[in-house]
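As structure tokens, the structure follows; a few thoughts come after it.
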Amino acid sequence: WMVYPDSRVGCNFTGEVKNYTACNLEWPKLNVTLLATESEELKNLTGYFKEAVHESRMENYRVRKVTILYYLEDNTLQVNEPKEENSGIPQGSFVKRHHIPKGRGEFYTVLDFTLCTDITFYGRTFRLVDADPFTRQFYEQKLGVSLNDSEELPANPYTEMRETQKLFATAKGTPYLS
């Protein structure tokens, strides 16, 4: 349940809104201090997805790193992709902040995110590989869930090839000039 401060309105994770004053319903027993202290925070997860490349004979796929931000105050998600120098790919906000549907009227919640698992938004599958220390602490202390160990982010073959080319294009990379 998400209880909005300064109101008698609550919303569960499926988005159902109840006005407890109008319905004369009893307040659900929940940890309001948890929600009050965490209401402004967001949870930060790191992941990636693989994108097929059909236009180039130098690469078959790209590994694109993303940061998934989960906002506890309203259970919304945002997916950002950090900008890479000279990639030629539009980057930045990949999925803007909103409720992302999981299917059949359900939306993703903080309980749906576990490390070393795949999660799909709008037909694109993301692999979650790491979480920041605050997110790990939140999962363990507030939710009683232990996140899996971190996974290494796979190397992007195209980026490695570009780094090698850049190294040999400079005097440092040329063996006979060093």
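The values are calculated or read from the model by the stated rules, or taken from the named source; none is laboratory data. Keep in mind the model is a prediction, meaning the values are calculated, not measured. So basically every Cβ, Gly included, is an ideal-geometry build from the backbone, and we count neighbours across all protein chains shown. These area figures cover heavy atoms from the full protein model, side chains too; ligands, DNA and RNA do not enter into them. Shrake-Rupley method; radii C 1.70, N 1.55, O 1.52, S 1.80 Å.
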**Item:** Filter pass, Arg64 being closer than 15 Å to Thr46 by Cβ and within 15 Å of the chain's Cα centre (by Cα)
**Value:** yes
**Message:** polar (S, T, N, Q), farther than 14 Å from Leu42 by Cβ and surrounded by 15 or more Cβ atoms within 10 Å (Cβ to Cβ): is that true of Thr114 in this structure?
**Reply:** yes
**Message:** Tell me whether region 114-125 contains one or more residues that are of a type in the set (Asp, Glu) and either farther than 23 Å from Tyr48 by Cβ or touching a residue at least 60 places away in the same chain (Cβ under 8 Å) (or both).
**Reply:** no
**Search result, residues across region 146-157 that are open to solvent by 60 Å² or more (accessible area, probe 1.4 Å) and not acidic (Asp, Glu)** = Ser146, Asn148, Ser150, Leu153
**Prompt:** What number of residues in region 40-63 are at pLDDT 85 or above and not aliphatic (A, V, I, L, M)?
**Reply:** 12
